[in-house]
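> Have a look at the structure that comes next, please.
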Amino acid sequence: MVEQPDVVIVGGGIAGASAACKLAAGGLSVVLLEKQDAYKDLVRGEWLAPWGIREARRLGVDECFWAGGGWEIREWMTWDEAVTEDEVEAVDMTGFIPGIGGPMSFPHHAVCELMSEQAVQSGARLEMAASKIDVTPGPRPVVSYRTPDGPRELRPRIVLGATGRGCTVGRQAGITMRNSMHHWGGGMMVEGMDAWPPDVQAMGTEGDRMFMVFPQGYGRARLYLNFPTVNKHRYRGPGGVARFLAAFELECLPDRGKAVTEAIPAGPLSVWPSVSSVPEGPPMTEGVVLIGDEAGNADTVLGTGLSCALRDSRTVCDILLGSADWSPPAFAPYAEERAFRIERLDFGASIISRLHVEFGPAAVERRRRVRKLMAKNFAAQVTGLLNMVAPEEVPEFGFSEFFAERLFRETA
């Protein structure tokens, strides 16, 4: 007989696994499908804003982050070619949301593994190595897939698509996105960074690269670079890892970045086009609802993807657990709130990208000018709040074209 669970979740990442935990704990029958045969480092986002930590608590999965290696980051340093040595200062990141503390850095795959285990303990069924997943929307959707033991078919009441930027379920359900790309990015895990301040994250721009360093404790850190699309092959192929680490040899970093350039690779290097995707309609259809990056995402440079995914998971789970009506209109509040949220995040990411991921003399001068404006007028720092607090808590004026023009005007 064909299995008929309440919910099938396609994708066992942060969004999908957290939803499985919440729904199974709420008494629904849940099947969680994950294409990997075991969770491994795929160089995904590993930074969670304080508002994302709050969402994790509300979902009841925050302990998975801490048990999986979560590390609190307490300070933010900006080293940049547009910033003189005496201008560099540490920004306290611990006081944005009472009772939360600073943002968290963590190994993504370890947290996903613990979260999927929690889902199973709550009553969900986990299928690893689920391949060739095909979703047919409808009042009673059909999910077919293959396992090492052969084909399977499920007929749940609803499917949650949580396959990330690949948008596997969304494309099959006919949900389209408006995509744009500003630059490329790359990331890698390293260890041996004992000389780096353990609770300090850093970012800055020099030459043709924007760098980010997120410590994960005990000398481990996740490194990221953002760079022009013309350089998309620079860190690929033989010697790519060495070139990636060498890119952190920068005049703006203390000791020319020696703490980073001498680090030891501890995971794969991955590079990708930094694409933002905005749904051209509601992220749902009959029998299918999308969550996480699959439902749309802002440029990765903003760092809010995981916080957004957890908000999606909580909101959709509350609807599923709060009513027997799972028709598309029941999810209209989710679609409306998410559209508002992604519009703000996308706007904020465009500000950060233009400010920090554009290169050359004019871009350096722009960063100097904006920095002076922010020093004189704290309100000019408003979009920076998107890294810390939820979009609805950021003042409205920070999302106006007038604000962007004021921030980036080319003449005084």
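> Based on the alpha carbon coordinates of the chain, what radius of gyration and maximum Cα-Cα distance (Dmax) apply, in Å?
21.4, 72
> Also: I'd like the distance between the alpha-carbon centres of the stretch 175-196 and the stretch 248-293, rounded to an integer number of Å.
Cα centres, the stretch 175-196 to the stretch 248-293: 2 Å.
> Using the crude model of +1 on Lys and Arg Cβ and -1 on Asp and Glu Cβ, and no other charge, please compute the dipole size for the stretch 182-274 relative to its Cα centre, in debye to 20.
420
> Based on DSSP, what percent of beta bridges with both residues in the chain are antiparallel, to the nearest 5?
Beta bridges within the chain, antiparallel portion: roughly 70 percent.
> Give me the angle, in degrees from 0 to 90, between the Cα long axis of helix 332-356 and the longest principal axis of the Cα atoms of the chain, rounded to the nearest 10.
With both axes taken from Cα atoms, the answer is about 20 degrees.
> Then there is this: Could you pull out the GluC sites (Glu not before Pro) across the stretch 209-295 that fall in loop regions by DSSP (anything but H, G, I, E, B) with no more than 16 other Cβ atoms inside 10 Å?
E249, E251, E262, E280, E286
> List the residues, sorted by chain then number, that are 5 or more residues from V142 or on another chain and whose placed amide H is less than 5 Å from its amide H.
T136
> For the stretch 167-220, which trypsin sites (Lys or Arg not before Pro) are both in a DSSP coil and crowded by at most 16 other Cβ atoms within 10 Å?
none
> Using only the alpha carbons, work out the radius of gyration and Dmax of the stretch 331-380 in angstrom.
That works out to 15.4, 48 Å for Rg and Dmax.
> Then there is this: How tilted is helix 50-59 with respect to the longest principal axis of the chain? Cα atoms for both, answer in degrees (0 to 90, nearest 10).
Computed tilt is about 20 degrees.
> List the relative contact order of the stretch 355-408 as a percent without decimals, with contacts defined as Cα pairs under 8 Å and 6+ residues apart.
30
> Sort out for me the Cα centre separation of the stretch 329-378 from the stretch 118-148, rounded to whole Å.
Here the answer is 37 Å between Cα centres.
> Could you list which residues have their amide H under 5 Å from that of V288, counting only those 5 or more apart in sequence or on another chain, with H placed in the peptide plane?
When sequence neighbours closer than 5 places are left aside, the close amide H contacts are G138, V159.
> From the backbone phi of the stretch 172-189, what are the Karplus-calculated ³J(HN,Hα) couplings (6.51 cos²θ - 1.76 cosθ + 1.60, θ = phi - 60°) in whole Hz, Gly and Pro given as x?
Once rounded to whole Hz, the list reads 5, 8, x, 8, 9, 10, 9, 9, 8, 9, 9, 7, 10, x, x, x, 7, 8.
> Using only Cα atoms, tell me the angle between helix 14-25 and the longest principal axis of the chain; keep it within 0 to 90° and round to the nearest 10.
40
> Considering Cα pairs under 8 angstrom that are at least six residues apart, work out the relative contact order of the stretch 182-274 and quote it in whole percent.
Averaging sequence separation for qualifying contacts and normalising by length gives 40 percent for the stretch 182-274.
> Same structure, new question: Per the Kirkwood formula on distinct C-alpha pairs, the Rh of the stretch 248-291 is how many angstrom?
Roughly 15.1 Å, rounded to one decimal.
> For the stretch 1-141, state the average projected area of the convex hull of the C-alpha atoms over all orientations, rounded to one decimal in nm².
Averaging across all directions leaves 11.8 nm² for the Cα convex hull.
No lab work stands behind these numbers, since they all come straight from the coordinates. It should be emphasised that the depicted structure is a prediction, and the values quoted were computed from it without experimental measurement. Ideal geometry is used to build each Cβ from the backbone, glycine not excepted, and the neighbour counts take in all protein chains shown.
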